[in-house]
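The values are calculated or read from the model by the stated rules, or taken from the named source; none is laboratory data. The shown structure was predicted, so the numbers you read here are calculated from the model rather than taken from an experiment. A quick note on method: Cβ atoms are made from the backbone with ideal geometry, for glycine too, and the neighbour counts reach across all protein chains shown. Only protein heavy atoms, including side chains, enter the accessible area calculation; ligands, DNA and RNA are left aside. Shrake-Rupley method; radii C 1.70, N 1.55, O 1.52, S 1.80 Å.
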Amino acid sequence: MVLRIRVIPVLLLKSGNLIRSEAFRIHQAVGDPFHDVARYAEWDVDELIYLRIRSTEERYNARPDVKNRRPMSDLEILNEVARRTLVPLTWGGGLRRFDDAAQTIYNGADKVYFNTLCHLSPEEVTKTSNHYGRQAVVGGIDVMREGEGPPRIWTHSGTKPLSYNLADYSRLLQQIGVGEILVQSITNDGNAQGFDLRSIETVAASVDVPVIALGGAGRPSHFVAAINAGASAVAAANYFHFVEDANSKIKTEMACHGIDVRRPN
Amino acid sequence: MQHRSLLGTAKPTVGIVAYGVGNIASLAYAVDRAGAKPVILTASDQLAKVDQILLPGVGAFGWAVRELRETGLWNAITEAAESGVPLLGICLGMQLLATSSDEGEAHQGLGLIPGCVTELKSQVIQARVPHMGWNQVEADEDERFFDVLDGTDMYFAHSYVFHTATDDATQGWTRHGTARIPVVVRRKNVMGVQFHPEKSQSSGAKFLNRVFKGELWY
């Protein structure tokens, strides 16, 4: 009996709306932030991750059908989601200081997700890790792959490239106190062609902390490949949103390949 | 200090110790869902009013000890437990029950269940640390936890483990790499679980229900 492999739906939030994304650029609103929470609770998912996407618009941009309602703040959304979620909840995107993390945890998140901050102000990540324990800190690495060359890491929502190599940057994250690394493929984001397996392998081989893979899931077999590449958990946004019985399909495929997954009661 | 008997208590009051290191909202919801009344404990004088005490966890040992001592809750918890009030520690809360911990600079725990807290090392146990995710609990067949815990998956998120000084104090385990990790500890009215029952969906809810209804204690 070993620790189970985790399968995690990711929900992307932009200006209070649930969105889907492609290559970090195309953003389409797909529902209200709670749209999937009940469904995921019913499916008995292992965990949930909410990531806020930076909005370039100053004013709140709602879908036409929610035009007349007062927009909910992100913390209000977090509170509501936390109230309805009986599995661990990770929340992040745009967190810039220890205080942001503290507020996030106070409002119901179990773990905070830091991406740009790991590079921008690693001491804030370390402070969070020292205060809450590293198990409450998820560090994100967004990776873009151009052809056969080495992958490139991008921060600030995929707008600023870093010169680190992936192995070194992964080790740096572990060093500053990150408890899990979420490696996300910008290239494969939304393309349903499979995860960036080489990047997953590189990160998993460089660190001792668990690695979560995200970006590119299109078929149940993709999830199996991501685990075989070294991930301890697999995550997906679009796949869960658009595929019927997603959780069951993924876990059945994994079980068939001898991967230890938790089967819902 | 006398504590009210749990028998016949229509709606038991569960005091949740709030010490600034973690998320207690989900625990409060869990208590409520189990049919008990959650009370947030921030000061020592509030402990007299509760039927059970819940000592959470998310956070670092050192910070927790500091906060608990500063608010006076440290002594109040010890007194309440020693006078027989049921006390459940969750995750870090379970580790705080120990005699000592290696986390940060060495720290002294509440000492309610003798033993010490040490760090999991991935090279030693041949597995990734933190121990993060769903894992299966094996509970001792002779003990009261067997029915509700043995064979169930619960969510774990920790890098430190509590090894009790005596074998009989550990009543549940899980495996991670080569490590056999104590996950349920108990000594009289004091209990600790390493997993997060409030984050373990229906298996966790079932366990908490039994706890808050007064079962599993004696």
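Observations
- Per residue, the convex hull volume that the Cα atoms of the protein assembly as shown enclose (Å³): 142
- Summary value for chain B: 20 percent relative contact order, contacts being C-alpha pairs under 8 angstrom separated by 6+ residues.
- Normalised contact order of chain A, rounded percent, pairs of Cα under 8 Å and 6 or more residues apart: 19
- A simple rule links phi to the HN-Hα coupling: the Karplus curve 6.51 cos²θ - 1.76 cosθ + 1.60 with θ = phi - 60°, which for the range A:178-192 gives 6, x, 8, 10, 9, 9, 10, 8, 6, 4, 8, 3, x, 9, 6 Hz, with x for Gly and Pro.
- Chain A packed on chain B takes about 3200 Å² of accessible surface away from a 1.4 Å probe, both sides summed.
- Between A:Met144, A:Met72, A:Met254, the residue with the greatest mean-square fluctuation in the GNM of chain A (Cα pairs under 10 Å linked by springs) is A:Met72.
- Per-pair calculated FRET efficiency, R0 = 60 Å: A:Ser163 and B:Ala205 via Cβ, rounded to 0.05: 0.80
- On full extension, the segment bounded by B:Lys213 and B:Glu141 gains 23.7 nm, given 0.36 nm per residue less the C-alpha separation.
- Take each residue in A:133-141, count the other chain C-beta atoms within 10 Å of its C-beta, and the mean is 5.
- Other residues whose C-beta falls under 12 angstrom from the C-beta of B:Ala30 contribute a net charge of +2, scoring Lys and Arg +1 and Asp and Glu -1.
- Sites A:Ser121 and B:Lys188 - FRET efficiency at Förster radius 41 Å, r taken between beta-carbons, to 0.05: 0.30
- Shielding by partners, peptide A:85-92 (average Cβ within 10 angstrom, other chains): 5
- Take the Kirkwood radius over Cα pairs of chain B, plug it into Stokes-Einstein at 37 °C and 0.692 mPa s, and you get 193 µm²/s for translational diffusion.
- Here B:Thr78 and A:Phe34 are evaluated by their C-beta separation; at R0 = 41 Å the FRET efficiency comes out at 0.45.
- Peptides B:88-96, B:62-70, B:43-51, A:202-210 ordered by packing proxy, namely the average of other Cβ atoms within 10 Å per residue, highest first: B:88-96, A:202-210, B:62-70, B:43-51.
- When DSSP beta bridges are restricted to pairs lying wholly in chain B, around 60% turn out antiparallel.
- Contact-buried residues of the range A:195-216, at a threshold of 30 Å² lost accessible area versus the chain by itself: A:Asp208, A:Pro210 (1.4 Å probe; DNA, RNA and ligands ignored).
- Estimated 222 nm signal from helices in chain A, with DSSP H stretches of n ≥ 4 weighted -39500 (n - 2.57), rounded to 500: -9500 deg cm²/dmol
- Relative contact order computed over the range A:143-265 (Cα-Cα under 8 Å; 6+ residues apart), in percent: 19
- Other protein chain Cβ atoms within 10 Å, averaged over every residue that makes up A:34-47: 1
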